[in-house]
Amino acid sequence: MTENISIMIKPASSKCNLKCSYCFYHSVAEKRRVSDYGFMKYETLEEIVKKAINFSNGGRCSINFQGGEPTLIGLDFYKKLIDYANNYNVNGTKISYAIQTNGTIINDEWAQFFKKNNFLVGVSLDGTKEVHNSYRISNDGRSTFNKVMKSISILKKYEVPFNILTVVTPSLCRRITSVYNFFKKNQLSYLQFIPCIEPLNETWGKRQYSLKPEEFGEFLKRLFDLWYEDIMSNEFISIRYFDNILGLFLKYEYEACDMKGVCSCQNIIEADGSVYPCDFYTYDEYKIGNIYKNTFDEIYNSSKTEAFVRSSLNIDTECLNCKYRNICRGGCKRYRAENNLNYFCSAYKEFFDDKLEKFQDIIFYLNKKENRKFGK
């Protein structure tokens with residue numbers, strides 16, 4: 001029987017060459033018994049690849065890398081990955097690779113490797129130099145913007161597929177028009193915006209980088225207006241959140257896990273082989289197995305995994321009775337604050353009230369455009 005599996009490997013554990021003020025993984029790691037598991041050993045990587053391919057058995061296997069900063073472990077680690085995958089993939093499993101990086105280390109050799117092995121690269125970039133350097137600085141306090149832009153130019157040079165991951169902060173909200181135009185000017189057309197998150201079990205809104213719901217609501221509306229104008233002018237820009245909503249109108253299921261309304265086991269694997277259900281919950285108490293001790297069948301079917309998934313179904317009564325429930329679905333479990341209500345609930349309601357009908361306009365326009373293409 002074939003299965004599909006997605007895993008996220010943290011080969012450098014919590015190690016990073018940046019000191020981003022809003023980094024959620026730093027706040028996670030400092031609360032664990034062991035904050036940094038060091039660099040992943042080759043034998044751990046081999047065990048992961050072997051068990052993932054065996055579990056998939058000819059299905060699809062998505063192997064993703066994140067950090068910390070996953071490029072810190074060096075390129076040889078990823079060359080070993082390809083060797084292991086080629087060696088163990090005797091059943092025709094369709095393997096895809098992706099990596100999320102801060103974009104400060106990529107050079108020609110990295111880019112050539114990504115291109116040759118069909119990696120999808122996510123680059124963290126918060127917009128213009130002013131906005132990016134407000135939060136994303138090196139460990140010694142230096143600007144990282146120029147390094148990231150250089151890495152992007154190298155990825156373009158070798159035609160490596162990549163997208164941009166942007167954290168939504170108050171600084172970005174105030175400058176969304178200039179940031180959006182900056183992305184367009186630099187031909188960065190695949191964008192993902194995620195609202196800044198607070199440390200677990202901490203009261204929301206107390207940090208310097210904290211994002212208020214009213215700020216996020218205005219951000220969503222303004223971003224949509226910019227995107228809508230481009231789409232209706234036949235100018236392609238992909239924004240993951242908006243793309244997912246469009247897809248829902250077209251009867252597709254959400255692709256983004258934070259929009260599905262229920263958690264699934266994401267198989268986050270730390271450098272020591274420990275497995276967790278979600279990147280936001282890599283705490284000791286949430287560990288659901290270890291790659292040396294457990295198969296993926298055992299991990300998926302463990303009582304701790306089932307309890308984690310079940311807990312994501314607990315949402316506020318206000319959510320259950322909301323007219324936008326089938327679109328919002330309560331959002332990501334990690335963004336739920338008091339009473340299991342999404343901290344940004346009012347922002348999403350404001351956005352849906354104001355812009356939801358325009359998604360129908362886009363679908364009508366795209367259908368009309370497609371019909372003209374085929375002479376209908």
Review point. When segment 146-205 is examined, which residues are found to be farther than 14 Å from residue 223 by Cα, among the β-branched types (Val, Ile, Thr) and either in a loop (DSSP other than H, G, I, E, B) or within 16 Å of the chain's Cα centre (by Cα) (or both)?
Key: 160, 164, 197, 203
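Of the residues 24, 77, only one is among the hydrophobic types (A, V, I, L, M, F, W, C) and closer than 22 Å to residue 135 by Cα; which?
24
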Study note, to complete from the structure: When segment 1-46 is checked residue by residue, the ones that are touching a Pro at 6+ places or on another chain (Cβ under 8 Å) and small (Gly, Ala, Ser) are 12, 27
**Study point:** Test: residue 245 is within 22 Å of residue 194 (Cα to Cα), surrounded by 17 or more Cβ atoms within 10 Å (Cβ to Cβ), in contact with a Pro (Cβ under 8 Å, 6 or more places away or on another chain) and among the β-branched types (Val, Ile, Thr)
**Key:** no
Point to revise | Those residues of segment 258-280 which are in a helix (DSSP H, G or I) and closer than 13 Å to residue 8 by Cα, in sequence order | key: 279, 280
Exercise for review: Examine segment 167-183 for a residue that is modelled with pLDDT under 95 and among the basic types (Lys, Arg), and state whether such a residue exists.
Suggested key: no
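Among the residues of segment 29-39, is there at least one that is assigned to a helix (DSSP H, G or I), surrounded by 20 or more Cβ atoms within 10 Å (Cβ to Cβ), in contact with an Asp or Glu (Cβ under 8 Å, 6 or more places away or on another chain) and modelled with pLDDT under 95?
yes
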Review point. What are the residues in segment 46-99 that are on the phi > 0 side of the Ramachandran plot and touching a Cys at 6+ places or on another chain (Cβ under 9 Å), if any?
Key: 68
Check your understanding: Residue check: is residue 127 part of a loop (DSSP other than H, G, I, E, B), modelled with pLDDT under 95 and either more than 21 Å from the chain's Cα centre (by Cα) or buried (at least 20 other Cβ atoms within 10 Å of the Cβ) (or both)?
Key -> no
Practice item. Given the conditions (1) buried (at least 20 other Cβ atoms within 10 Å of the Cβ); (2) assigned to a loop (DSSP other than H, G, I, E, B); (3) of a type in the set (Lys, Arg), report the number of the one that residue 15 does not fulfil. Key: (1)
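The values are calculated or read from the model by the stated rules, or taken from the named source; none is laboratory data. The structure displayed is predicted, hence computed values, not measured ones. For neighbour counting, all protein chains shown are included, and Cβ atoms are generated from backbone atoms with ideal geometry for every residue, glycine included.
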